[in-house]
Structure formats: C-alpha cells, structure tokens
Amino acid sequence: MSCVHRQLSQLCGVWRWKRLPSATTFPCSTFCSASSEPTDPIEIHKRKLFLWFSHLPREEKQFGGYFSPDTMHVDPLIVERKAAERVGLLGSPFRTRDLSSSSVTVEQLFEPADRSVGRGVNVLLYGAVGTGKSTVFRKLVLDWCRGTSLNHFKLLIPFSCEDLSQMTKAASLRDLVSRKYLHLRKHPILSGEGNQAEDVLFLFNGMEKINLDFRIGATELCSDPNEALPPTVVVVNLLRKYLLPEASILVTTRLSAVDRVPQRYVSRYAQICGFMDPDRQRAYFTKRLLQDTVGTSRKQEAEALIELLYLNLQRESQLAAACFLPSYCWLTCATLHCLHFTDAASPTRTLTSIYTSFLRLNFGGEVLGPGTGTTVPIQEHHSSLMLYVVRTLGKLAFDGVADKRTSFSEAELEQWVGGKTKTDEELRQLAMFRTDVLDFFLAPCVEHGKRLSEEPGGNEEKRYVFAVHGMQEYLAALYVVLGENKSVLEKLTKQVSVVIGQASEDVSALVNILSKFIPLRVFAVFNLLKLFPNLYEKFSRRNRSTIARTMVAEMFRSEDSYNEDVLDQMEQSLLGVHGPKPKQYSEGPPFELYPIFMGGLLHYGNRVLLQQLGCEIQSLTVSQITGVLRKYLVRELSKPQPPEELMDLLVLLYEFQNPRLTAEVLASIRSIRLTNIRMTALKCFILSSVLSCAPSSYLLEELNLSSCLLTQDLLQMLGPAFRHTRSLNLQFNNLGPESCIVLRDLLLDPNSSVRSLQLCDNPLQESGLLTLLEALPENQTLMHLSLMHTGLGDEGALELAQKLQHHPLQELNVAYNNIGDNAALALVDACREHPTIHTVHLYLNPLSVVGKQSLYVRGVAMSPSDRQVKVLASVTEGSDISENWHPILSVIRENASSWDRSRVTQQLKAFLRDLEWGRQQQPSFWKRLHFLKTGSCRASGTAQNETAHLKYAAAAHKSKNQPSSTSSTVRMR
C-alpha cells in the first residue's frame, strides 16, 4: 500500500489539470468492496483514475465542497468541423442556431461504426482558452471509470502533455504507461500483438505544450511498443498510426496548435464552443449556486439570484457575451457566492483572491511557446504567458482606467497589443497570443439596445471591452503593482544598476588584492560604481511611493463620492439593473475596484499565486508601499467621508489582509457612519473582520448602521464589531423580536462598552423588548436607550419601569409606542425615583390632554430635595409653548422621508392639535395671536409641505421662547 500511496502522491504533484475542475464522492464499492481489493489490472486502473481525477482543488472549496461531476457538470457545445473549416472562428457567440444541428458528444466521435478495420480513430478536440477542454477531458475519464461512457473501450490511458514535455530521458510506450500506471506494466493489451490495441483509447491533454515534429527526417519511425524513444517521438508515431495503429486517440489543444498535426493524421475535427446559449449558462449557474443551499434558508435567495442572472443573460448583455466561456461562468458564480453567501464559518475570501485564483486556474504554468514552424523545444521558453498578458493587456487596461474608458477600437488594440516592429520570434508569440488568449479577455462591445447577434453596419466601428468590467481594473492594478508602468529612465537605471553592481563586486575583489601593494587612492574612482545601485534604489522608492499615492487618490476621488459602494457596483454588473437606474455622479464610468485590487495584490496569499503565474511581487516592495500607504490613509481619514467611501475603505482594508496596517489606520477613525448602505452578509463580515484587527482597548465613539436593511442573521455577524463601539445606532432596520436575543447578549457581555443604543423604528414588539430588558439589571454601561416606535406598548412600558432600578441609564426614549396615560405615568414615576435618568421621551403616543399635563407636572421638582426629570410629551406645557418642542419636531422632520405618508400626516395633525389646545388655554391676546398663526397651518397633502409649515410655525414662536441656537439641530434619539 505504501507503493500505491507513493504513486498517488507523485501523480497529484505532476499532473496539473486546470480550469473548472470538479469533485466527486464516488463510492469506491463500485470497483472494490471493503473486504477485498480488486485483482484485475483494469479494475485497479479504473479505481485509481477515479480517485486521481476526482481531486478537488482549493479554489472549489469556497463553494462548500459539495460538488461532483453529476451535480455540477454542464456539457459545453461541441461542433464537428470539416478539415477545410477547422481553424474558422464562430463570430458572434450567440449566432448558434445553425450550429445546434451539427453538435456532437465526445462519445459520438468514437462510434464503433466509424472505425475502419485495423485502424483506430484520431480525434482532435480544440477550442479557445476557457471553453472547457480540460473539464470535458476530466468528465470523460470519470464517466469511463463509472462505465457510463465509451464502454466499447476496455482501457483508457490519459496523459498530460505538460508532463510529457518535462521528460528528458528516452522511454518506450510501455515504459511511459507503466511509469504513470504501474498496475498496467505487464498488461498484454499494449504488447502490439494481434488486434488487442483496438480496445485502447489514448488521451493527450494540452498538445500545445509539447513540440511535435512529423517530418520523417526529424522523427524516426517506430512500431515497437518496447523501443525506447523520446516521448515526442512516441506520440508522433501513435498519431501516424505506425505504432499501435488499432488504438484510438483523443487530443485536446488550443486554436493556435491545430495545424501542428498534419491533416492526414486526423480522422475527425471537433471544436468545443463553450456555453453558446443562455440555457446552458442558466443550467451551470443553477447547479453551482443551488448545490450549497439545498435544505437551507438561503435556497430562496439563491433562486432569486439565478432568476436575475437569467434575465440579464436573456437581454444578451455584456455579461452574456463573456459567459459563453465556462471560465467566466465560474468567475460569476464565485463572485456572487462571495457577495451573498459569506458567513463567519466560511474561509476568508476576497475579491482579489477570487480573480487571482481564476487566472491561476486558466493560466497556471502556461508559458508563451515559440509557435508553429520552429524546432526550439517549448520547455526552453520560460516566458510566462500571464506576464505577457500583464505587459500588453495590462497596459491597455491601465491606460483605459487613467482615461476613464472601457471600450477600445481595433486600431487601439493594434497599437497597444501589436506594438512596434518585432523580431520573428516575437511575431510568432504575438500571433499565438492573439489566437488563443486575446478573445479570452476581450469581447465585442454590446451597445445599449443592440443585440449580440446583429452585425455592425458598414460605417460602424467595432469596439471591444474587457469580458467583465472587474477584469480591466484587476489587470490595471497588477500592471501598476508589478512596476510595469515605470518610466524609461527608471527601467534603464535598473538595468545599468544590475550590470554595474555585478561588475563592482569583481572590481572590489581586485582592489582588495592590489591594495596590499598600491595605495587605495589610486582605485578610489571604482567606488563611484556603488552610486548606481543607490541611484536605482532612490528611483524604486519614489515609484513605490507613487503607487501608494495613486491608491489613496483613486480611493478618495471627490467625483466618485456619491456613487454606490464598490460591492453594490459589482453586483449590478452581474445581475443587471432592475428598475430605476441609480444615479452616477462621476463624469465617466467608476473605477473604484482599481485601488482595492491594488491593495489586495499586496497580500501574501495572492502574491504566492501570482508567483506561480510568473508575476513576482517582492516583499520589500510590499513593505515600502505599505509604509507610505499608511501615512496617506491616516491623512485622508482626518476629513469626513461619505458612507459609500467609508464602506469602500473597509473593503480595501479587508482585501489587504494586513492586521497591523488595519489597526494603525483604525486608530485615526473615531466614528463609522454607514447610513443608508445596503448591508449584506459580506459587508457585515468585512466590518467585523476589520474591527477585529484593532486592540481590545480600541473604541469607536459611534457606529451608525441606520437604514441598512439589517436582519437577525446580519446582526449576529456584527457581534464582534459591536464590542468596539460606545454609541450604536441601529434605527430604521428590519430587526424583529428574535434580534433582541443578540442585543441582550451584547449588553450582558462583560467586554461590551455600549453606552448609547438606538433602536428606533424596528418591529421589536413587546416580546422582543421584554427579552432585551432582561439585560438591564446586570448591564452597567448603557446610558442612552432609544426604543421609539418599536411596539413597546403599555405592558412593555410597565416592565421597563420595573427594570430601571439600579441601572445607570440617563436618557430614555419610548416615543411613538402606543403607550397610554397610566403606563406613561408609571414610567415617569419610576424615572423620578431613579438616581440618574434626566430625560424621558413620550411624544407621539396616544396620551390624553390631562395625561400630558400630569406628565409635565410630575417632571417638575416640587421641592429642592426632589429630582427634576425632563418629560417630552407634548409641544405645549399648559397654556405655553414648550421649550423642548425642537426635538419633537425634529423627529417628525427627520423621519418624513422614511415613514409612511399617512403616518407623517397623523403625527403632524397631533402636533397641530396640541397647538390649538394651548391657544384656547392662553389668556394673553398676543400669545393667542402666535397660536392663531400656527393654527392656520393645515395639512397640505404632502409630508414635505406639512413639515415646511411646521418649521414656519415653530419659527413664529421662537421670538417668545428664545431657545438656544443649538437646540434646533438636536438629532433624534
């Protein structure tokens, strides 16, 4: 068994299957029982293949790890091509009505009726990057292992061409097989005797990674499976049908490598075209997003997301143009899963890590080969394909972000990607890049009101955009962080510094020897060589400082301050905009993901993945950028920021994943106001994660989450953030009675420092409020409690009066809670006996005139020994205007936009009734005149006009009462 485990670990380390891998939980009992191991080599082969090809990469674990080929695989469109049209492109991805009739499955390509006697079938399956070649390859192997496909083949032998390209020693065909599959070492089916090989199917994945030469003078003929030859020669002879001619072969490759196999050696061509219709895309989204939500409360939300996605795809939107590639369907699902299904138990996922993993899945280990027509081995070319993408498309993306542009003409693409005159080798690489990779990142621009299936007119210029908007910002950020935007002087200084620095080491050694015989001053001139590394270091530091300044400048752009936060922008780009389109105040399209991606790319985990792609970011660079970034962030945060900008800053700190930097930046933030931000699970997780980086002694003066659509589940995720705040504002949310359990536990937490808790306009109801009040006897920090319009009622008010004893509460707001006279009087009496409470808010309750007068009298101290409690119950005190009418009117005015119109009208009428009753009780003619002016105000039909009348009426009485200038701006509690 140790040998088996060793073979398994070697295969898992060598084979690099990429792109949309799938997992499975296939029962091993299909091939073997628990009591006995199979003895047939082919059954052993099936069992091991199934285990190897079922490996789940870590990128898939973010979906929960519940996937298998049966539950998540969707067959892409495969079209059989004639030899004459094998390299033809499809044009518009949605012009598929003429392709559906010629679609085939991989099994149909190997039908026994198509095989001639004594000669197997060679099938070349090709397609662009991201269309699903490797996924189809993997699914084909797993289906054969199950016995559900290609049953007429007794043996299926898959090879990775990337693996074969790394082999330097000669080996026979049987040695190649036994090296990967030891259990097939002596199997007679590969002996070459008789027609046994007709039951064998060889699979070669990624032919573009191996250099095949079919010239007779370069590749000798071989028909002996036991003759040792270079691996490329063995593959060529298999395709020639000179070696094991009865065997069938499936080869997958990219578009640029189709002609590497001569036409006479290919029996059938098949092009894999991805998801060319919205129905395949919807099937993929359904299996991905619903699989992890089966039997959970999130299933309904997942179904709504899928419906919005499908509506967006049916409109043939820009997303639909990208999602014909299954890779972008994966990116869409991963992004939506992160945006909507993040929870505290999930592993940490950032937007940057999703995009970096996406590129690693598609381009991990890829190098830019020499192209067709060269004899240079591909493995000798170490030019990273991803680095080539950054230097070409990254520059295009960066210039587009700088100019606030998202679309580019063909001439501009030629200028940026084609560049100046190149060598023959560079031109071959450029041709390969254009054929295989360019269409992966760029898609035809979908104009508003124009369908993808329509061709542009004769005078219309065809324009291109990045397949998804976020990819442009990601590549632009990577282009900057890698330092590819250096000036010519900076690049020249680096080259000179390296060359002269190496020379200076040799000169220094020589100087040390000669200094024993000749004075050192003769060689002092050589010390000047050391200036060049220092000169380069100055340039590099200035460049890294520029990167930090760019991040801060892009993060706090004044013209983008009124855009929606970046997470909502990303969601709208995927799901589309349904209903009125949100206003965008910036002149061009917002590029607010750009600085966030720059911060995320500095995280160690992303740098490790990028290093695998050939894009290395030095730790020294990260340290210097971080140091400068800290200074600029602290300076900018001294200015007040809109809620949307503040949310984006939290996302930046979360993407950075640097607890030390986050703690130092938080030290300059004393309040976080996220009013009217639509809080989601991800945003709540980000807020809690960021504040968890601060020391336990760090406290916010205010955390304002009013009108954020918070629910009980979101409140639970925000628990760690609440422990770092003194004033917690949760008004105007969707917090029900169950949410009071979370709030009660917060108040009972000994580490909690909440002094002010505002719960206005949440449907807590009496049952929830009774749960919340259980914390009052043991809590010793809460001083201001606002329960306005929470459904307290008489029973809740009486319970509250009993719980107030021995609690350091100072201000209590129970306005607009349907509290009657008796309960209100009992509550005020309890507050009078309380040692610290000085203000009680009882306005907008159904109190009688007598009850209001009684409340006013009880709030006034009758003797010097009595405590005075300010009771805000009415705009009048007896026959006079109350000096505390400002907060009462402020409540109505500030809630006019969020309350229902009938509710506002009702409260304004109650306000007017108080004024009318006070006018009738006033004996003074001049004071009655003031009341008369106010009484002339009538409901005008809209909350805005009524509020304006009340503001005028209040100003009319200001001359008598002369309230302080600050009282008119008292905020609602």
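The values are calculated or read from the model by the stated rules, or taken from the named source; none is laboratory data. The structure displayed is predicted, hence computed values, not measured ones. Using ideal geometry, Cβ is built from the backbone for each residue, glycine included, and neighbour counts are taken over all protein chains shown. Surface accessibility is based on the protein's heavy atoms, side chains included, excluding ligands, DNA and RNA. Shrake-Rupley method; radii C 1.70, N 1.55, O 1.52, S 1.80 Å.
Taken over region 780-803, the residue count meeting the criterion of being of a type in the set (S, T, N, Q) and either open to solvent by less than 50 Å² (accessible area, probe 1.4 Å) or within 13 Å of residue 757 (Cβ to Cβ) (or both) is 3.
Condition check for residue 655 on (1) open to solvent by less than 10 Å² (accessible area, probe 1.4 Å); (2) more than 30 Å from residue 366 (Cβ to Cβ): one failure, at (2). Please work out if residue 710 is surrounded by fewer than 23 Cβ atoms within 10 Å (Cβ to Cβ) and within 30 Å of the chain's Cα centre (by Cα). Criteria met by residue 710. Counting only residues that are polar (S, T, N, Q) and within 17 Å of residue 852 (Cβ to Cβ), which one in region 816-837 is surrounded by the most Cβ atoms within 10 Å (Cβ to Cβ)? That would be 817. Per the conditions (1) aromatic (Phe, Trp, Tyr); (2) on the phi > 0 side of the Ramachandran plot; (3) part of a helix (DSSP H, G or I), the sole criterion not satisfied by residue 654 is (2).
For every residue, the table says whether it meets (1) farther than 23 Å from residue 130 by Cα; (2) out of contact with any Pro (no Cβ under 9 Å at 6 or more places or on another chain).
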residue: 300; (1), (2): yes, yes
residue: 303; (1), (2): yes, yes
residue: 311; (1), (2): yes, yes
residue: 324; (1), (2): no, no
residue: 330; (1), (2): no, yes
residue: 336; (1), (2): no, yes
residue: 352; (1), (2): no, yes
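Filtering region 186-198 for residues that are among the hydroxyl-bearing types (Ser, Thr, Tyr), at pLDDT 90 or above and in contact with a Lys or Arg (Cβ under 9 Å, 6 or more places away or on another chain) leaves an empty set. Scanning region 340-355 for residues that are within 11 Å of the chain's Cα centre (by Cα) and either modelled with pLDDT of 90 or more or among the charged types (D, E, K, R) (or both) yields a count of 7.
Determine whether residue 769 is among the hydrophobic types (A, V, I, L, M, F, W, C), more than 26 Å from residue 340 (Cβ to Cβ) and part of a helix (DSSP H, G or I). In short, yes. Candidates in region 366-407 are the residues that are modelled with pLDDT of 55 or more and touching a Gly at 6+ places or on another chain (Cβ under 7 Å); of these, the one that is surrounded by the most Cβ atoms within 10 Å (Cβ to Cβ) is 386.
Of all residues in region 186-212, how many are acidic (Asp, Glu) and in contact with a helix residue (DSSP H, G or I) (Cβ under 7 Å, 6 or more places away or on another chain)? The total comes to 2. Just checking, does region 282-296 include any residue being part of a helix (DSSP H, G or I), of a type in the set (Val, Ile, Thr) and in contact (Cβ under 8 Å) with a residue 24 or more places away in the chain? Looking for residues that are part of a helix (DSSP H, G or I), of a type in the set (Val, Ile, Thr) and in contact (Cβ under 8 Å) with a residue 24 or more places away in the chain, one finds none in region 282-296, hence no. For region 299-327, the tally of residues that are among the small types (Gly, Ala, Ser) and open to solvent by 10 Å² or more (accessible area, probe 1.4 Å) stands at 2. Looking at region 641-651, is at least one residue in contact (Cβ under 8 Å) with a residue 12 or more places away in the chain, surrounded by fewer than 21 Cβ atoms within 10 Å (Cβ to Cβ) and either assigned by the TED database to the domain that holds residue 339 or not in a helix (DSSP H, G or I) (or both)? Yes, the conditions are met somewhere in region 641-651.
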